[in-house]
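Student: Structure in structure tokens, see below.
The values are calculated or read from the model by the stated rules, or taken from the named source; none is laboratory data. These figures come from a predicted structure and were not determined experimentally. Note that we place each Cβ from the backbone using ideal geometry, even for glycine, and neighbour counts take in every protein chain shown.
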Amino acid sequence: MTEQVSPAAHAEGIATEKSQRILILEAGRTERNYWSDLWSYRELFAILAWRDVAVQYKQTVIGVAWAVIRPLLTMIIFTVVFGTLAKLPSEGTAPYPVMVMAGMLPWFLFSTILSQAANSLVTNSNLIGKVYFPRLIVPTASSIVALVDFAVTFVLLLGLMVLLGFFPSWQILLLPLFILLAVLAALGPALILASLNVRYRDFRFIVPFIVQFGMYVSPVGFASSVVPDNLRLIYSMNPVVGVIDGFRWCLLGGEAEIYWPGFALSLIVVAFFLWLGIRTFRATEKTFADLF
Amino acid sequence: MTSDTVIRAEGLGKKYIIGHQTADRSTTFRDVITQNVKNFVRGAKDMAQGKAIVAGDELEEFWALKDVNFEIKRGDVVGIIGRNGAGKSTLLKVLSRITEPTEGRVEIKGRVASLLEVGTGFHPELSGRENVYLNGAILGMTRAEINRKFDEIVDFSGVEKFLDTPVKRYSSGMYVRLAFAVAAHLEPEILVVDEVLAVGDAEFQKKCLGKMQDVAGQGRTVLFVSHNIGAIKSLCKSGILMQNGSAAFIGQVQDTLDFYGRQLNASRHGGSDGSGLRVESITLDYNGTPALDIRVDGLSIPTGRYEIRAFLTSASGTAVGVGSVGGFGSKGLEISVKNQSLNLSLQLPNLARDIYLITLEWVDEATHNVVARLNLDEVDFLPPPLTGENHALDSSWGSGFVRLPISVSM
């Protein structure tokens with residue numbers, strides 16, 4: 001638990017001792033120091049993230065190998081369907097499997113965060129009904145699992161690159177920025193879905209649909225350069241397009257060109273959803289305990 | 001807020017919207033369709049307005065808390081009592097910030113830890129050791145704090161042998177012991193506890209109560225909800241009686257309990273009838289079959305044959321048990337004027353732990369009139385741990401009685 005400062009009470013000098021700050025609970029009262037409060041709960045964030053990671057592959061036979069098999073099989077199917085059968089072009093000279101893999105990494109990161117975080121409040125309802133903490137911890141902590149899976153898949157990609165003799169150049173150093181972008185792009189919609197899911201369990205059925213649908217409308221199995229030029233700006237309204245393009249630019253060296261107007265638009269959409277997500281979440285988080 | 005007030009509630013209220021199913025729901029197929037369409041339209045409308053969905057055909061506002069005012073000073077140990085549904089748990093939820101009040105305000109000074117359940121967040125797949133850290137963090141302990149107290153926690157729980165076993169393999173007793181051990185080592189300035197002492201066997205309960213007494217003795221402020229009058233009496237200095245969502249009585253713990261007892265009796269029996277009866281002593285005897293020994297004095301009823309009936313009611317108002325000497329076709333009890341006092345022994349083999357109200361009645365065998373009636377204080381019945389095939393009649397079991405063996409000597 002943490003201490004709360006009520007600035008008003010502080011100004012009036014009501015708080016007599018330095019450690020004795022007054023917390024005021026009232027209907028509709030927004031906490032002024034929400035973010036510092038969140039920071040003081042970082043240990044809980046860490047332990048919840050650790051719990052999700054520790055539990056993820058318990059009681060499975062092949063354990064963390066699942067994080068390898070899923071993207072590997074998807075990559076093979078996409079390479080066969082889009083590369084071999086449909087004969088779509090890759091980005092520059094990059095081998096098709098590497099190009100698919102470089103797009104699938106951010107897509108799996110995005111979609112896992114989206115589906116895990118959207119369900120996280122419901123799966124942690126026992127905590128929310130019994131203990132106070134800033135609720136934002138729950139969906140954000142659940143996205144750490146996705147990052148761990150991402151790390152495993154990333155090693156797979158490196159292996160694939162070595163195997164096919166394709167090596168990235170200096171751009172790979174900027175990859176952490178795009179990983180962060182992928183996480184933020186997923187968290188915005190995830191927070192909206194998570195808070196709606198508490199109220200209306202309909203969203204439990206909608207989320208898998210969004211994920212399935214999103215995989216085909218995003219440039220996962222094909223390069224975004226195959227999209228006709230006049231549609232590209234509209235196509236970039238999908239925030240994942242910017243993320244995937246960024247990943248390919250980093251991982252395939254100069255082979256994949258970023259379409260900058262589209263990338264900028266993707267950034268704006270990501271920022272908008274993140275703002276909307278946090279706003280929706282904070283407006284509803286006080287009622288979560290009443291709704292389970 | 002004066003300097004030593006740590007919690008102050010002003011006009012606190014909490015409203016819930018609850019739904020009811022109409023009684024004659026499935027009369028005809030057409031009615032069902034109409035009702036479902038109506039519910040769907042309402043659900044869609046609520047969703048469009050961003051309101052929550054409430055299941056049911058009719059909606060009603062329900063104030064779980066209404067106009068609650070109180071002040072708690074630093075170091076106070078406050079027992080919150082009241083019937084089921086009186087608003088105790090809602091009050092604790094508001095104070096521990098889990099839910100927001102609908103109206104009014106609360107001011108809290110200091111770090112609050114709430115213990116509304118033992119083992120919050122325990123994960124069955126994780127080991128005992130891992131769960132100690134998980135549960136500790138959820139309850140608000142820092143990692144350093146848990147590290148420092150880890151040995152003490154394990155010691156208290158007595159499960160050191162199974163520390164690296166997943167808790168899903170634990171017996172339910174081990175599970176609650178470990179969970180309570182973590183909770184018992186919390187060191188907040190204000191501790192909010194909801195009926196968590198009701199775990200484990202009798203011995204562990206004693207240990208928990210002792211630990212709670214330690215916590216209370218360290219000058220911490222404790223709010224404690226319990227149905228266990230014995231625990232309330234031994235732990236708390238002051239009491240708050242909750243009734244229909246508001247604080248009906250606030251005062252010293254004994255005064256609050258007395259007020260509660262009087263009210264329960266008054267509401268159930270309309271006061272005593274003044275037949276001059278009084279209870280000399282009530283003892284709970286736990287040897288063998290648990291039994292209640294009652295010595296009654298001041299019997300001033302004419303010589304004759306009487307049936308003695310005993311009625312047990314749980315504090316929530318449910319009739320639980322009935323016992324009788326005489327009656328049920330057997331011969332009544334011969335009572336002559338000189339037998340002014342009488343020992344009754346009421347055996348209670350099948351009762352769950354709870355607070356019971358006991359009413360004794362003397363019924364004239366010939367006329368079937370009740371000539372004397374006596375309402376005993378609440379008896380806090382704590383049965384010995386159950387073994388083997390014994391099953392307790394739960395106090396939430398609802399309707400129905402157990403016939404209790406009763407014996408009388410003069």
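Student: Given the conditions (1) within 18 Å of the chain's Cα centre (by Cα); (2) part of a helix (DSSP H, G or I), which single one is not true for residue A:126?
Tutor: (1)
Student: Could you give every pair whose Cβ atoms fall below 8 Å, whose first residue belongs to the stretch B:143-156 and is farther than 18 Å from residue B:204 by Cα, and whose second residue is of a type in the set (Gly, Ala, Ser) and part of a helix (DSSP H, G or I), counting only separations of at least 6 or pairs across chains?
Tutor: Note: pairs meeting the criteria are B:143/B:137; B:145/B:136; B:146/B:136; B:146/B:137.
Student: Can you tell me which residue in the stretch B:224-241 is farthest from residue B:213 (Cα to Cα), limited to those that are in contact with a strand residue (DSSP E or B) (Cβ under 6 Å, 6 or more places away or on another chain) and either small (Gly, Ala, Ser) or assigned to a strand (DSSP E or B) (or both)?
Tutor: Among residues in the stretch B:224-241 that are in contact with a strand residue (DSSP E or B) (Cβ under 6 Å, 6 or more places away or on another chain) and either small (Gly, Ala, Ser) or assigned to a strand (DSSP E or B) (or both), the one farthest from residue B:213 (Cα to Cα) is B:241.
Student: Okay, next question. Count, please, the residues in the stretch B:131-169 that happen to be in contact with a helix residue (DSSP H, G or I) (Cβ under 7 Å, 6 or more places away or on another chain) and under 14 Å from residue B:119 (Cα atoms).
Tutor: If we filter the stretch B:131-169 for residues that are in contact with a helix residue (DSSP H, G or I) (Cβ under 7 Å, 6 or more places away or on another chain), which is where we start, we get B:131-139, B:142-143, B:146, B:150, B:153-154, B:156-160, B:162-165, B:167.
Still in the running and under 14 Å from residue B:119 (Cα atoms): B:131-139, B:153, B:157, B:167.
Within the stretch B:131-169, residues that are in contact with a helix residue (DSSP H, G or I) (Cβ under 7 Å, 6 or more places away or on another chain) and under 14 Å from residue B:119 (Cα atoms) number 12.
Student: Just to verify a result, which residue in the stretch B:15-35, among those that are among the hydrophobic types (A, V, I, L, M, F, W, C) and more than 30 Å from the chain's Cα centre (by Cα), is modelled with the lowest pLDDT?
Tutor: B:23
Student: Out of the residues in the stretch B:154-169 that are under 27 Å from residue B:96 (Cβ atoms) and either surrounded by fewer than 21 Cβ atoms within 10 Å (Cβ to Cβ) or basic (Lys, Arg) (or both), state the one that is farthest from the chain's Cα centre (by Cα).
Tutor: B:154
Student: Another one. Is at least one residue of the stretch A:165-175 surrounded by 14 or more Cβ atoms within 10 Å (Cβ to Cβ) and in a loop (DSSP other than H, G, I, E, B)?
Tutor: Yes, the stretch A:165-175 contains at least one residue that is surrounded by 14 or more Cβ atoms within 10 Å (Cβ to Cβ) and in a loop (DSSP other than H, G, I, E, B).
Student: I'd like to check which strands (runs of 3 or more DSSP E) are fully inside the stretch B:29-132 and have at least 2 residues that are more than 8 Å from chain A (Cβ to nearest Cβ).
Tutor: The qualifying strands (runs of 3 or more DSSP E) are B:58-73, B:77-81.
Student: Suppose we filter the stretch A:38-67 for residues that are touching a Ser or Thr at 6+ places or on another chain (Cβ under 7 Å) and away from chain B (no Cβ under 11 Å); how many remain?
Tutor: Matching residues across the stretch A:38-67 total 2.
Student: Turning to a different aspect of this structure: Keeping to the stretch A:61-76, report how many residues are over 11 Å from residue A:104 (Cβ atoms) and within 21 Å of the chain's Cα centre (by Cα).
Tutor: Residues in the stretch A:61-76 being over 11 Å from residue A:104 (Cβ atoms) and within 21 Å of the chain's Cα centre (by Cα): 5 in total.
Student: If I filter the stretch B:185-197 for residues that are over 24 Å from residue B:91 (Cβ atoms) and either touching a His at 6+ places or on another chain (Cβ under 9 Å) or not in a loop (DSSP other than H, G, I, E, B) (or both), do I get at least one hit?
Tutor: Looking for residues that are over 24 Å from residue B:91 (Cβ atoms) and either touching a His at 6+ places or on another chain (Cβ under 9 Å) or not in a loop (DSSP other than H, G, I, E, B) (or both), one finds none in the stretch B:185-197, hence no.
Student: Can you name the number of the only condition in (1) surrounded by fewer than 23 Cβ atoms within 10 Å (Cβ to Cβ); (2) in contact (Cβ under 8 Å) with a residue 40 or more places away in the chain that residue A:242 fails?
Tutor: (1)
Student: Residue by residue through the stretch A:193-239, note down the ones that are β-branched (Val, Ile, Thr), part of a helix (DSSP H, G or I) and surrounded by fewer than 21 Cβ atoms within 10 Å (Cβ to Cβ).
Tutor: Passing the criteria: A:206, A:210, A:211, A:217, A:226, A:234.
Student: When you go through (1) away from chain B (no Cβ under 13 Å); (2) not in a helix (DSSP H, G or I) one by one for residue A:72, which number turns out not to apply?
Tutor: Among (1) away from chain B (no Cβ under 13 Å); (2) not in a helix (DSSP H, G or I), residue A:72 violates only (2).
Student: Just one of A:160, A:193, A:164, A:233 is out of contact with any Pro (no Cβ under 7 Å at 6 or more places or on another chain) and either on the phi > 0 side of the Ramachandran plot or in contact (Cβ under 8 Å) with a residue 12 or more places away in the chain (or both); which is it?
Tutor: Going through A:160, A:193, A:164, A:233 in turn, the sole match is A:193.
Student: Further question: Looking only at the stretch A:197-219, filter to residues that are of a type in the set (Ser, Thr, Tyr) and free of Cβ contacts under 8 Å to residues at least 40 places away in the same chain; which one of those is farthest from residue A:82 (Cα to Cα)?
Tutor: Quick first cut of the stretch A:197-219, residues of a type in the set (Ser, Thr, Tyr) only: A:200, A:216, A:218.
Adding the requirement that they be free of Cβ contacts under 8 Å to residues at least 40 places away in the same chain leaves A:200, A:216.
Numbers: A:200: 38, A:216: 11 Å.
Ranking the candidates gives A:200 first.
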